[in-house]
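Chemist: Before I ask anything, let me first share the structure, which is written out below as structure tokens.
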């Protein structure tokens with residue numbers, strides 16, 4: 001992990017992208033974040049707490065597989081949980097709208 005201390009999301013996001021360079025990692029993050037969003041929507045509609053409870057498993061599960069098995073790095077969420085969460089949604093949106101590529 002980088003030794004630099006990040007004090008803003010704007011400064012952190014380029015580092016976040018550098019830790020997500022492999023296509024497989026970005027795909028897994030995209031799937032996990034998409035499922036998180038879907039699960040949250042279903043929870044709001046049904047008020048079934050099971051859909052809310054699985055959100056961390058969906059989000060972190062897919063992401064950590066990408067980091068540990070493909071990217072071979074430590075997830076930035078361990079040191080920067082807030083910036084990492086925000087960056088994941090930014091990356092999801094940028095992938096969805098093709099502002100950045102999967103790889």
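Chemist: Just the Cα atoms of region 11-67, one point each, no solvent: what log10 I(q)/I(0) does Debye give at q = 0.17 Å⁻¹?
Modeler: For the requested q values the scattering log ratios are -0.58.
Chemist: Please tell me the relative contact order of the chain in percent, rounded to the nearest whole number, where contacts are Cα pairs under 8 Å and at least six residues apart.
Modeler: 37 percent
Chemist: Here's another thing I want to ask about it. How far, in degrees from 0 to 90, does helix 55-65 lean away from the longest principal axis of the Cα atoms of the chain, to the nearest 10?
Modeler: Helix 55-65 and the main axis of the chain meet at about 40 degrees.
Chemist: From the helices alone, meaning DSSP H stretches of at least four residues, give me the mean residue ellipticity at 222 nm for the chain, per-run term -39500 (n - 2.57), in deg cm²/dmol to the nearest 500.
Modeler: -20500 deg cm²/dmol
Chemist: Enter the angle in degrees (range 0 to 90, nearest 10) between the Cα long axis of helix 81-96 and the first principal axis of the Cα atoms of the chain, meaning the one along which they spread out most.
Modeler: So the helix axis and the longest Cα principal axis differ by about 80 degrees.
Chemist: Helix 9-18 versus the longest principal axis of the chain: what is the Cα-based angle in degrees, 0 to 90, to the nearest 10?
Modeler: Tilt relative to the chain: about 80 degrees.
Chemist: Moving on to the next point. When you count, for each residue, the other Cβ atoms within 10 Å and take the mean per peptide, how do 10-23, 59-72 rank with the highest first?
Modeler: Top to bottom by mean Cβ count within 10 Å: 59-72, 10-23.
Chemist: Per-residue counts of other Cβ atoms within 10 Å, averaged by peptide: what ranking do you get for 24-33, 83-92, highest first?
Modeler: 24-33, 83-92
Readers should treat all values here as calculations from the given coordinates under stated rules, not as data from a laboratory. Computed from a prediction, not measured in an experiment: that's the story for all the values here. Positions of Cβ are backbone-derived with ideal geometry, glycine not excepted, and every protein chain shown enters the neighbour counts.
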